[in-house]
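Reading through the structure tokens given below for one structure.
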Amino acid sequence: MTDFGFLVRQAQAAREKSYSPYSHFRVGAALLTRSGKIYTGCNIENAAYSATVCAERTAIFKAVSEGESDFEALAIVGGKEGEPLETCPPCGVCRQVMAEFCPKDFKIILGNINKFEVYTLDMLLPLTFTSENL
Ligand code: THU
């Protein structure tokens with residue numbers, strides 16, 4: 001049984017690196033590969049707001065750019081700066097990026113160290129548009 005608590009702690013640590021001077025909403029993510037490696041990411045904002053990238057995509061793109069393509073789970077920890085952590089569901093763009101690289105049973109862990117819930121990609125993005133539709 002995978003220790004998702006450990007993955008959540010990695011996401012929480014990654015959140016410390018969040019660059020979010022505009023929204024002050026800080027997010028960290030930790031992506032677990034099937035081989036047991038962990039890639040972390042944070043949200044990185046930009047004065048031209050649309051250039052912002054979410055924590056989830058930072059972690060996924062780091063991993064893919066290192067040659068990884070076999071993913072098991074992603075933990076996400078987010079919330080407003082200086083406030084207690086709240087559940088931070090992944091945005092639609094990040095869900096679509098997950099669908100490109102991750103299986104339907106890919107686990108998405110939401111919450112914080114004290115309390116988290118485990119979802120599958122299929123639960124969060126049903127009726128997915130993939131390469132099979134092309
Ligand atoms: N954000 C993430 O990093 N992940 C999410 O799942 C939701 C939103 C970021 C993007 C932006 O920097 C800030 O949170 C507010 O939307």
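Numbers at a glance
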{"item": "Yes/no for Ile76 being in contact with a Pro (Cβ under 9 Å, 6 or more places away or on another chain), free of Cβ contacts under 8 Å to residues at least 40 places away in the same chain, closer than 22 Å to Phe6 by Cα and crowded, with 18+ Cβ neighbours inside 10 Å", "result": "no"}
{"item": "Selected residue [under 22 Å from Phe6 (Cβ atoms), within 13 Å of the ligand (Cβ to nearest atom) and of a type outside the set (Val, Ile, Thr)] from Cys102, Cys94", "result": "Cys94"}
{"item": "Subset of segment 98-117 that is under 12 Å from Glu72 (Cα atoms) and of a type outside the set (D, E, K, R) - its residue that is most open to solvent (accessible area, probe 1.4 Å)", "result": "Phe101"}
{"item": "Candidate set: segment 15-31, residues that are free of Cβ contacts under 8 Å to residues at least 60 places away in the same chain and open to solvent by less than 20 Å² (accessible area, probe 1.4 Å); chosen: the one farthest from Gly111 (Cα to Cα)", "result": "Ser18"}
{"item": "Residues of segment 45-65 satisfying the condition of being crowded, with 17+ Cβ neighbours inside 10 Å and either in contact (Cβ under 8 Å) with a residue 60 or more places away in the chain or within 12 Å of the ligand (Cβ to nearest atom) (or both)", "result": "Glu45, Val53, Cys54, Ala55, Glu56, Arg57, Thr58, Ala59, Ile60"}
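The values are calculated or read from the model by the stated rules, or taken from the named source; none is laboratory data. This structure is a prediction, so every number in the text was calculated from the model and none was measured. Here Cβ is always computed from backbone atoms with ideal geometry, including for glycine, and neighbour counts include all displayed protein chains. Heavy atoms of the whole protein, side chains included, go into the accessibility calculation; ligands, DNA and RNA do not. Shrake-Rupley method; radii C 1.70, N 1.55, O 1.52, S 1.80 Å.
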